[in-house]
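Novice: I have a structure here, written as structure tokens, and I will follow up with some questions on it.
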Amino acid sequence: MEFFLDSAEPNEISKFQKLGIIDGVTTNPSLIYKSKKPFRELVVEICSIIKGPVSVEAVSSSNEKMIEEGLEIAGIANNVVVKLPMTWEGIKACKILSGKKIPVNITLCFSSSQAILAAKAGASYISPFIGRLDDSNIDGIKLIREIKNIYRNYNFTTKILAASIRTKNHVTQSAVAGADIATIPPNLLDTLPHHHLTDKGLETFTSDWEKSGQKIL
Ligand code: G3P
């Protein structure tokens with residue numbers, strides 16, 4: 001499973017890039033706004049920190065404008081992925097941009113029918129928002145499972161990028177369901193290694209080793 005960092009903060013991206021555990025980055029207009037940085041400068045900086053795919057979202061509502069924005073965004077760096085919303089306009093723009101070999105991430109996906117359309121339009125990634133589905137008492141992981149089955153049935157090569165991830169369980173269950181990628185917020189990614197039984201076990205090992213009075217070095 002690939003891990004992408006869901007962040008537009010260069011310092012956060014750099015921290016996890018140095019750990020060698022993230023394979024890409026996803027941003028969206030809200031994360032860009034939160035960064036309070038100039039758009040183009042920020043995208044250039046993010047794309048210089050991480051060599052993997054960096055999703056950057058078009059913000060217009062017409063397919064013509066999305067295509068224009070997509071070409072502009074794709075020109076910023078060679079590892080940019082153009083993010084488009086799951087609307088007919090987004091699908092039309094996806095068809096054109098993917099036809100020009102520009103990778104597209106179709107975002108704000110909440111159903112399997114949307115995921116089928118995205119794959120048929122040549123999207124490189126589909127982003128089902130599992131956390132927001134759960135917020136509406138709809139099983140987000142079930143959607144990942146469904147999309148995985150459909151994509152397998154028809155050999156669609158679009159990668160399933162589980163997004164809107166809020167918990168460790170979202171990460172693990174997305175992996176069980178077969179998502180190719182999980183895009184994880186930094187504060188959640190930070191907690192992934194921790195388990196209270198690991199801490200407890202390490203405490204015992206350390207104290208027993210000290211009691212043995214022995215040294216390795
Ligand atoms: O990549 C999509 C993600 O940023 C949305 O997450 O928690 O706002 O639903 P959330």
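The values are calculated or read from the model by the stated rules, or taken from the named source; none is laboratory data. Note that the structure is a prediction, hence the values are computed from the model and not measured. Glycine also receives a Cβ, built like all others from the backbone with ideal geometry; neighbour counts cover every protein chain displayed. For accessibility, only protein heavy atoms count, side chains too; no ligands or nucleic acids. Shrake-Rupley method; radii C 1.70, N 1.55, O 1.52, S 1.80 Å.
Novice: Within region 172-190, restricting attention to residues that are part of a helix (DSSP H, G or I) and among the small types (Gly, Ala, Ser), which residue is surrounded by the most Cβ atoms within 10 Å (Cβ to Cβ)? Step through it out loud before you land on a result.
Specialist: So in region 172-190, the residues part of a helix (DSSP H, G or I) come out as 172-177, 186-189.
Among the residues that remain, those that are also among the small types (Gly, Ala, Ser) are: 174-175, 177.
Values: Ser174: 28, Ala175: 15, Ala177: 21.
The residue in question is Ser174.
Let's see how each residue does on (1) modelled with pLDDT of 95 or more; (2) away from the ligand (no atom under 16 Å from the Cβ); (3) over 21 Å from Arg166 (Cα atoms); (4) under 15 Å from the mean Cα position of the chain (by Cα):
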site: Phe16; (1), (2), (3), (4): yes, no, no, yes
site: Pro29; (1), (2), (3), (4): yes, no, no, yes
site: Lys34; (1), (2), (3), (4): yes, no, no, no
site: Val44; (1), (2), (3), (4): yes, yes, yes, no
site: Met66; (1), (2), (3), (4): yes, yes, yes, no
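Novice: Does region 131-147 include one or more residues that are within 15 Å of the ligand (Cβ to nearest atom), among the β-branched types (Val, Ile, Thr) and within 21 Å of Val56 (Cβ to Cβ)?
Specialist: no
Novice: If Ser207 satisfies all but one of (1) surrounded by fewer than 21 Cβ atoms within 10 Å (Cβ to Cβ); (2) closer than 19 Å to Ser112 by Cβ; (3) among the small types (Gly, Ala, Ser), what's the number of the condition it fails?
Specialist: It fails just one condition, (2).
Novice: Val59 - would you say it is out of contact with any Lys or Arg (no Cβ under 8 Å at 6 or more places or on another chain), open to solvent by less than 20 Å² (accessible area, probe 1.4 Å) and at pLDDT 95 or above? Steps first, please.
Specialist: Numbers: out of contact with any Lys or Arg (no Cβ under 8 Å at 6 or more places or on another chain): yes; open to solvent by less than 20 Å² (accessible area, probe 1.4 Å): no; at pLDDT 95 or above: yes.
It is false that Val59 is out of contact with any Lys or Arg (no Cβ under 8 Å at 6 or more places or on another chain), open to solvent by less than 20 Å² (accessible area, probe 1.4 Å) and at pLDDT 95 or above.
Novice: Please determine, by comparing only the residues of region 24-56 that are part of a loop (DSSP other than H, G, I, E, B) and not aliphatic (A, V, I, L, M), which one is least open to solvent (accessible area, probe 1.4 Å). I'd like the intermediate steps shown before the answer.
Specialist: Taking region 24-56 first, the residues part of a loop (DSSP other than H, G, I, E, B) are 27-28, 36-38, 50-53.
This time we only want the ones that are not aliphatic (A, V, I, L, M), so: 27-28, 36-38, 51-53.
Values: Thr27: 1, Asn28: 32, Lys36: 144, Lys37: 83, Pro38: 73, Lys51: 152, Gly52: 18, Pro53: 32 Å².
So the residue we want is Thr27.
Novice: Between a first residue in region 157-168 that is surrounded by fewer than 24 Cβ atoms within 10 Å (Cβ to Cβ) and a second residue that is of a type in the set (Phe, Trp, Tyr) and outside any loop (DSSP other than H, G, I, E, B), which pairs have beta carbons less than 6 Å apart while being 6 or more apart in sequence or on different chains?
Specialist: Pairs that qualify, where the first residue is surrounded by fewer than 24 Cβ atoms within 10 Å (Cβ to Cβ) and the partner is of a type in the set (Phe, Trp, Tyr) and outside any loop (DSSP other than H, G, I, E, B), are Lys159/Tyr125; Ser164/Phe129.
Novice: Give all pairs with beta carbons closer than 9 Å in which a residue from region 182-209 that is in contact (Cβ under 8 Å) with a residue 24 or more places away in the chain and away from the ligand (no atom under 16 Å from the Cβ) meets a residue that is basic (Lys, Arg) and open to solvent by less than 100 Å² (accessible area, probe 1.4 Å); count only pairs at least 6 apart in sequence or on separate chains.
Specialist: Between residues of region 182-209 that are in contact (Cβ under 8 Å) with a residue 24 or more places away in the chain and away from the ligand (no atom under 16 Å from the Cβ) and residues that are basic (Lys, Arg) and open to solvent by less than 100 Å² (accessible area, probe 1.4 Å), the close pairs are Leu192/Lys168.
Novice: Shifting gears a bit: Out of all the residues in region 40-58, which are out of contact with any Leu (no Cβ under 7 Å at 6 or more places or on another chain) and small (Gly, Ala, Ser)?
Specialist: Step one: list which residues in region 40-58 are out of contact with any Leu (no Cβ under 7 Å at 6 or more places or on another chain), which gives 40-57.
Correct list: Ser48, Gly52, Ser55.
Novice: Check region 119-137 and report whether any residue there is assigned to a helix (DSSP H, G or I), of a type in the set (D, E, K, R) and closer than 24 Å to Lys92 by Cα. Lay out the reasoning, then the answer.
Specialist: Initial filter on region 119-137 (assigned to a helix (DSSP H, G or I)): 119-120, 130-135.
Remaining after also requiring of a type in the set (D, E, K, R): 120, 132, 134-135.
So of that shortlist, the ones also closer than 24 Å to Lys92 by Cα come out as 120.
The answer is yes; a qualifying residue exists.
Residue by residue, here is whether (1) within 16 Å of the ligand (Cβ to nearest atom); (2) in contact (Cβ under 8 Å) with a residue 40 or more places away in the chain holds:
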site	(1), (2)
Phe4	yes, yes
Glu9	yes, yes
Lys37	no, no
Val56	yes, no
Gly70	no, no
Trp88	no, no
Cys94	no, no
Leu97	no, no
Thr107	yes, yes
